[in-house]
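The values are calculated or read from the model by the stated rules, or taken from the named source; none is laboratory data. Note that the structure is predicted; figures quoted are calculated from it, not measured. No Cβ is skipped: glycine too gets one built from the backbone with ideal geometry, and neighbour counts run over all protein chains shown.
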Amino acid sequence: MHPPVEAIGRILASIDGVEIDPMTAAVARFRMTIYIGHLMVRAGLIAGPLRLAAIPPTITPRIAVGDALLLGKVSRAEYARLHPHLADLPGAAFPLPDFGWPDGGTAATT
């Protein structure tokens, strides 16, 4: 058994996902944020009742928008051809800025 702070950190660190639908990814991030907030209230780390504003902004589940079957397998140009609506999606989209495409491109280049 882990202390609440460590357990919450472990849970948050273990959340990794990629969803092709931007709305579904946003809902998943929101639900996981609320769940972590609930655990923080139960552990006494934030005062209840749970309010979204009370959840620290550092609670950011890594659920990105993208095609997990293609990322890292095709070039950025090929990915953009197959998914033009995802290729330059702003915000918490995948690939993240530090992601390296197989052709050496980065998320910021075309």
Residue check, Leu52 within 15 Å of Asp16 (Cβ to Cβ) and more than 12 Å from the chain's Cα centre (by Cα):
no
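Scan the range 8-33 for residues that are closer than 28 Å to Asp88 by Cα and either among the aliphatic types (A, V, I, L, M) or in contact with an Asp or Glu (Cβ under 6 Å, 6 or more places away or on another chain) (or both) and report the count.
We begin by selecting, within the range 8-33, every residue closer than 28 Å to Asp88 by Cα; these are 12-33.
When the remaining residues are screened for being either among the aliphatic types (A, V, I, L, M) or in contact with an Asp or Glu (Cβ under 6 Å, 6 or more places away or on another chain) (or both), the result is 12-13, 15, 18, 20, 23, 25-28, 32.
Qualifying residue count for the region: 11.
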Counting only residues that are assigned to a loop (DSSP other than H, G, I, E, B) and within 16 Å of Gly9 (Cα to Cα), how many does the range 31-52 have?
4
So, in the range 1-19, of the ones that are of a type in the set (A, V, I, L, M) and either within 12 Å of the chain's Cα centre (by Cα) or part of a helix (DSSP H, G or I) (or both), which residue ends up farthest from Ala68 (Cα to Cα)?
Val5
Taking only the range 26-61 into account, find how many residues are under 30 Å from Pro84 (Cα atoms), buried (at least 16 other Cβ atoms within 10 Å of the Cβ) and modelled with pLDDT of 90 or more.
4
